[in-house]
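Written below as structure tokens is the structure these notes are about.
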Amino acid sequence: MEASSAGLPLEVRISPSGAGRWAGGHPWIYRSDLRSPELPKSPAVVLVRDTRGHSLGWADYSPRSEIALRRLCADPSAVINREFWRRRLQDAQAWRQRVVSGSEAYRLVAGEADGMPGLVVDVYGAALSYQITTAAMAAREPEIVELLQQLFSPALLVARNDARVRLQEGLSLETRLMVGDSPLARARVHGLEIEWDLLAGQKSGGYLDQRENWRAVAAWAQPGMHCLDGFTYQGGFALHLAARGAQVEAVDLSRPALERAERNAQLNPFGPIAWMEANLFDLLREYDAQRRSFDLIVLDPPAFAKSRSALDSASRGYKEINLRALKLLRPGGILATCSCSHHVSESRLLQIVAEAALDARKRLKVVERRTQALDHPVLLTVPETHYLKCLIFICEDVNY
Ligand code: SAH
């Protein structure tokens, strides 16, 4: 990591609009807001100043990314050293002790939301999986790994440095088993035994952000209900629904995900789940033609809108699956529909589902408006931290 020659901190000045953003609580400063004539050539911790020279605090500087500065601390007198990172990790742990219940798997560090930009750490029982996505955090990776080992003594530690955003920071993609000799990790989640392959799964292994929604949606199920888990991945919703005695069909495009889901079902003592490898768009159309019906349907698609420009086509995708699902719901049936795209706001998703309901001639009652699990904190001044929506509706005929 770069440091100034005289032992003085490196400094970066930012424009008044950048300083306004900083004062507004947002941790990112874009390159267009930098005002220093010279900038560090490599990743560095820098003291941020406004154009009048007032120091604002400390930030990580990324030489390649358009997000040039990421706030570490708004206190200019803070010292960004090993002790700083140890305290940040301990604070993150304290928050999880406060908000995580009933699960040995959870997100321990959620990047900016925990004041550790570019670092995500997930816990799966005795295992830890981490991901670094910024150049400055990558420069201190050995220190972070040591701290994780000292503080949490994981039996298994996996580096999942394979997120494509790393390329924008000039970082390579790699996954590595740092501690332990098998990437398989087990944890109990809401009384269920679940196993993850931390090297092979999507994300760091699982979609832990949906964890509280698995339980919340399953709370609406009753024994014998016919349920469809639309984009099941490794069966998060399906397993929780089956644990309530429901009859579950679970669909995904990914065979490896379904195979792991099936192994997880075998670890738990409940009736069979029908795992199906299919494209849900096609399957819903077929089921409509066959006049199939369900009591509860979960739709948790991948982010259709990865950028703002994709919003229109994404909205059409969301509308289509919701419309098709609604047609298959019996009166009194439950729809749980999710979007993990930050660009699709909750109000936009509500509007899309409303349009789908009108076209399907159904009347929906909103019964829950949920978001990501609390170990993925939503910061009020950082809209990007609120990305997951999970809306639950009860569906009636429009003629009611
Ligand atoms: N519900 C899961 C997470 C789903 S992630 C959980 O809570 O853990 C989205 C999933 O959708 C991925 O597993 C992906 O393989 C699957 N997928 C993407 N497009 C699909 C399609 N057209 N039909 C069915 N599954 C699809």
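Points to keep in mind about this one:
- Qualifying residue in the range 206-213 (condition: within 14 Å of the ligand (Cβ to nearest atom), buried (at least 24 other Cβ atoms within 10 Å of the Cβ) and modelled with pLDDT under 95): yes
- Of all residues making up the range 336-360, the number that are among the polar types (S, T, N, Q) and either surrounded by fewer than 18 Cβ atoms within 10 Å (Cβ to Cβ) or in contact with a Gly (Cβ under 7 Å, 6 or more places away or on another chain) (or both): 3
- Restricting the range 280-325 to residues that are more than 20 Å from the chain's Cα centre (by Cα), closer than 21 Å to Gln351 by Cα and loosely packed, with under 15 Cβ neighbours inside 10 Å, the residue that is nearest to the ligand (Cβ to nearest atom): Phe281
- On the stretch given as the range 209-246, residues that are not polar (S, T, N, Q) and not in a helix (DSSP H, G or I) total 17.
- Under the condition of being of a type in the set (Val, Ile, Thr) and either under 14 Å from Glu368 (Cα atoms) or in contact (Cβ under 8 Å) with a residue 60 or more places away in the chain (or both), the residues counted in the range 333-350 number 2.
- Matching entry among Ser129, Ser101 (being under 19 Å from the mean Cα position of the chain (by Cα) and either touching a residue at least 60 places away in the same chain (Cβ under 8 Å) or crowded, with 21+ Cβ neighbours inside 10 Å (or both)): Ser129
- Residue within the range 271-279 that is surrounded by fewer than 21 Cβ atoms within 10 Å (Cβ to Cβ), touching a residue at least 40 places away in the same chain (Cβ under 8 Å) and either in the same structural domain as Ala325 (by TED's automatic domain parsing) or more than 9 Å from the ligand (Cβ to nearest atom) (or both) present: no
- Where Ala246 falls short, out of the listed (1) hydrophobic (A, V, I, L, M, F, W, C); (2) farther than 18 Å from Gly206 by Cα; (3) within 11 Å of the ligand (Cβ to nearest atom): (3)
The values are calculated or read from the model by the stated rules, or taken from the named source; none is laboratory data. What you see is a predicted model, and the numbers here were worked out from it, not measured in a lab. Because the Cβ atoms are built from the backbone with ideal geometry, glycine has one as well, and the counts that use them run over all protein chains shown.
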